[in-house]
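The values are calculated or read from the model by the stated rules, or taken from the named source; none is laboratory data. All of these numbers come straight from a predicted model, not from anything done at the bench. Cβ: placed from backbone, ideal geometry, glycine included. Neighbour counts: every protein chain shown.
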Amino acid sequence: MRIAIIGGIGSGKSEVTKILEELGKNVVRADDINARLLRDAGYIKKLKELFPLYVSADGDVDKRAIAEAIYTDRYTRDKLNALAHPLIMDRILAKTGVGTWFAEIPLMKESYVEYFDRIWYVKSTDEQRIARVVKRDNMSVAAAMRIMRAQTEYSGIEEYATDIIINDGSVSGLRQSVKDLCRGLDEK
């Protein structure tokens, strides 16, 4: 069984996956796969072809510059997503073939819904999300809001959620919500 954990930046997806790991569940994170791709020579070569200004001749990727570009320019974002998303999803699907797996996917595309048995959507108020991102990433409110706006193209994906986790309270409340959902899975 595959369960996708989705939600916008600062919603609490990572906290949910941390709780799942504490409960002994199998977890895979799209961000971890992306980090490994950024150390893969073939992937870096493709990045350099698409974004020559952001990859040096010796293969050093300026992740900060790419991040700034994708959150301010939809064309650049679409080019990167067209390269990265299929590779990341292929690796998630390969790793999660046997047993029950939870996949934390920040930007879930509608076309990937069919690969998951359940979709847990982590939801929080915009104010709380901004506060979390500002604190966690040491960025400005404006920068956090820019990222949130860039993610609105994925905002319809919550329609596919089989379960919604409201993360507007305490970590202990979130932990209880995750435990309850896991208990429901075990009962099925």
* Structure fact -> Among residues of the stretch 152-188 being under 12 Å from Leu23 (Cβ atoms) and among the basic types (Lys, Arg), the residue modelled with the lowest pLDDT is Arg183
* Structure fact -> Note: among Arg136, Arg149, Arg132, Arg175, just one is under 24 Å from Asp117 (Cβ atoms) and either assigned to a helix (DSSP H, G or I) or of a type in the set (Gly, Ala, Ser) (or both), namely Arg175
* Within the stretch 123-151, which residues are surrounded by fewer than 12 Cβ atoms within 10 Å (Cβ to Cβ), at pLDDT 90 or above and either in contact with a His (Cβ under 6 Å, 6 or more places away or on another chain) or closer than 24 Å to Asn81 by Cα (or both)? -> Ala142
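Could we say that Ala57 is surrounded by fewer than 13 Cβ atoms within 10 Å (Cβ to Cβ) and assigned to a helix (DSSP H, G or I) here?
Numbers: surrounded by fewer than 13 Cβ atoms within 10 Å (Cβ to Cβ): yes; assigned to a helix (DSSP H, G or I): no.
Criteria not met by Ala57.
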